[in-house]
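To keep things clear, I will list the structure first and then write my remarks on it.
Each value in this text was obtained by applying a stated rule to the coordinates, not by laboratory testing. Note that the coordinates shown come from a computational prediction; the quantities given were computed from them, not determined experimentally. Here Cβ is always computed from backbone atoms with ideal geometry, including for glycine, and neighbour counts include all displayed protein chains.
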Amino acid sequence: MVLYLIRHGAYAAGGDDPGLSPFGLAQARAAGRFLKAQGARPEAVVTSGYRRARETAAAIQEALGTALDPIESRDFTPFGDPAAMRATLGALGVGEALAVGHMCSIGELARALCPQAPHVFGTCMIVALEGAGTEWRLLWAQRMEAV
């Protein structure tokens with residue numbers, strides 16, 4: 001499996017569940033364009049239920065030209081359990097997947113899968129991993145701080 005781990009884009013201030021800021025939306029679109037240039041073709045999308053993660057996934061899919069129904073998982077919330085996230089992703093049974101979450105959860109998942117992967121994610125940072133089970137390797141990492 002090729003797995004694209006992405007932290008949501010920058011979000012607007014205020015509220016319990018803020019959406020993306022204009023800059024965050026631009027980051028997510030840039031991330032989608034970048035993934036498209038890398039030849040990414042996710043067959044499944046998993047997000048947390050938070051608005052900023054869902055909006056990031058939607059903007060990425062729009063740039064990729066895909067229209068997959070995202071799977072919302074509580075495991076991908078800010079303090080999700082890496083073992084539960086691994087189980088969710090493993091159950092997808094696909095060759096490529098996109099997972100959009102939050103700094104703590106996505107970072108911990110990256111560290112659990114591949115110790116060489118970055119585990120501190122800036123907004124809209126992407127880490128691409130390839131593997132299965134306990135054998136994962138880092139393909140690349142890309143920051144989307146500037147668009």
Q: Identify all residues within segment 30-42 that are touching a strand residue (DSSP E or B) at 6+ places or on another chain (Cβ under 9 Å) and either basic (Lys, Arg) or within 14 Å of Val100 (Cα to Cα) (or both); write none if there are none.
A: Ala31, Leu35, Arg41, Pro42
Q: Output the residues belonging to segment 11-32 that are of a type in the set (Gly, Ala, Ser) and buried (at least 21 other Cβ atoms within 10 Å of the Cβ).
A: Gly24, Ala28, Ala31, Gly32
Q: Mind listing whichever residues of segment 27-55 are small (Gly, Ala, Ser) and at negative phi?
A: Ala28, Ala30, Ala31, Gly32, Ala37, Ala40, Ala44, Ser48, Gly49, Ala53
Q. Looking at segment 100-112, which of its residues are surrounded by fewer than 23 Cβ atoms within 10 Å (Cβ to Cβ) and either free of Cβ contacts under 8 Å to residues at least 12 places away in the same chain or among the hydrophobic types (A, V, I, L, M, F, W, C) (or both)?
A. Met103, Cys104, Ala112
Q | Residue list for segment 4-29, restricted to those being over 27 Å from Leu139 (Cβ atoms), out of contact with any strand residue (DSSP E or B) (no Cβ under 9 Å at 6 or more places or on another chain) and either of a type in the set (Lys, Arg) or not in a helix (DSSP H, G or I) (or both) | A | Ala13, Gly14, Gly15, Asp16, Asp17
(Q) Please pick out the residue among Ala87, Ala91, Ala97 that is touching a residue at least 24 places away in the same chain (Cβ under 8 Å) and surrounded by fewer than 23 Cβ atoms within 10 Å (Cβ to Cβ). (A) Ala97
